[in-house]
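See structure below.
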């Protein structure tokens, strides 16, 4: 795992590139190996990890919560996950942030604290459907309830706001005219919630 994390941090992906990088003496020693791992070992580890990766993620989130690493603000966003050209399950995706196409997937993530991911779901493209955002939001709230949840304008939808407000969480997302017919509906509901629960509503 240390070897893969080292390689991913340096944008090195794929069995052969990872195996080549782990031949570097400094790298394999710093990762705790007695000798450089073989290509078969690298391939076998990645295959085995695929069977338990969800359990590993859940375990890490539990440990982060238990150690007090989750704060009172959650952030939700989507990102691109670039894949190797040989990955037949990946597709051609558009990244509006960089205005470019890429081969891979998307991933909707809720993070907190020092950018600790606590809920995530892979999607076919970077722009995830609203249903995905709602599922990931519900998964995140099941870990621990924050006070605030921040997202960009893609998350400015009535269902997202309604769900968070009903759970006692204040949603923060820039208004997106494409996602709602009446901007005042969202604005006034959130404003009313803040005024009711703020010690000094006049200062807002």
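All of the numbers you see were taken from the coordinates with simple rules; none came from a lab. Bear in mind the structure is a predicted one, so any value in this text is a computation, not a measurement. Backbone-built Cβ (ideal geometry, glycine too); neighbour counts: all protein chains shown.
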Whole-Å distance linking the alpha carbon centroid of segment 57-76 with that of segment 1-49 is 27
Tell me the relative contact order for segment 1-142 as a rounded percent, counting alpha carbon contacts under 8 Å between residues six or more apart.
16
Using only helices, what value at 222 nm comes out for the chain when you add -39,500 (n - 2.57) per DSSP H run of length 4 or more and divide by the total residues, to the nearest 500 deg cm²/dmol?
-13500 deg cm²/dmol
Long-range Cα-Cα pairs in the chain (distance over 25 Å), rounded percent:
51
Ordering 124-132, 53-61 by per-residue average of other C-beta atoms within 10 angstrom, highest first, gives 124-132, 53-61
With 10 angstrom as the radius, rank 22, 72, 141 by how many other C-beta atoms surround their C-beta, starting from the fewest.
72, 141, 22
Just rank 102, 9, 155, fewest to most, by other beta-carbon atoms within 10 angstrom.
9, 102, 155
Contact order relative to length of segment 1-67, as percent, for alpha carbon pairs under 8 angstrom and 6 or more apart
24
Footprinting exposure proxy for 111, 30, 78 (fewest neighbouring C-beta atoms within 10 Å first):
30, 111, 78
